[in-house]
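Shown next, in structure tokens, is the structure this report addresses.
The values are calculated or read from the model by the stated rules, or taken from the named source; none is laboratory data. Note that this is a predicted model, so its numbers are computed, not measured. With ideal geometry, Cβ positions are generated from the backbone for all residues, glycine too; neighbour counts draw on all protein chains shown.
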Ligand SMILES: [Zn+2]
């Protein structure tokens, strides 16, 4: 194991449909919506380049939500869900449905495996250990443009819409409405993923991140995806390679982008992987 450097992936995430990444009901007022959106509990001072802050109550997307969703989609794509089910079966369905715990596959290397028993087991059998999780998904915050636009339309300090959904009683046709809070379509967030290379060929793992982003675009983020919410798109993606020497003040960073979207990134995977051979 030898730290080689890090890929810094910066992106904008745009809500194509209303987005509902959930907060918890307890922190919401009585009489509010049933399904609140997660919001900042305190302002983030001097966040934007012009020195302005992100106000309290602005919606954001936790990195854990993005990471968890991308990982679960990839585990379907790569057959991990199938393998976990084969390993645990119906009798241990709670285990079977958890993230892959093999500690050997690409997903476990990129996203981590928290299972200490598995790692002990691998070490005892003289197998290669997965190493630290390569990818870190940070919280994504709304762009300044988005906050200004939403406040202009919705009012000072307001950044979300409340949408009413109805469940219709099949027999009586009586509607049973519920209120769903969403970040309106068109909102943009800025986020970052940092991918550390700890082993010689770790740069070969980086396409997984972009394949996961592509899969997420064809799925949904947050809740109520089967009812129209959570369609998103990644835009303005910049990939910067910072070699280990960069952090010692010796090396230079190298960049690809900004690229228009995930499709353009996938076209340039060769160029992106090669960044790590530049000093
Ligand atoms: Zn695994």
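Some notes on this structure:
- Scanning the range 80-100 for residues that are within 20 Å of the chain's Cα centre (by Cα), under 19 Å from residue 117 (Cβ atoms) and within 14 Å of the ligand (Cβ to nearest atom) returns 80, 98, 99, 100.
- Taking each residue of the range 89-103 that is at pLDDT 90 or above and looking for partners that are more than 14 Å from the ligand (Cβ to nearest atom) with beta-carbon atoms closer than 7 Å, six or more apart or interchain, yields 96/89.
Every residue, every condition in (1) within 16 Å of the ligand (Cβ to nearest atom); (2) surrounded by 11 or more Cβ atoms within 10 Å (Cβ to Cβ), yes or no:
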| position | (1), (2) |
| --- | --- |
| 113 | yes, yes |
| 117 | yes, no |
| 125 | yes, no |
| 132 | yes, yes |
| 144 | no, yes |
| 149 | no, yes |
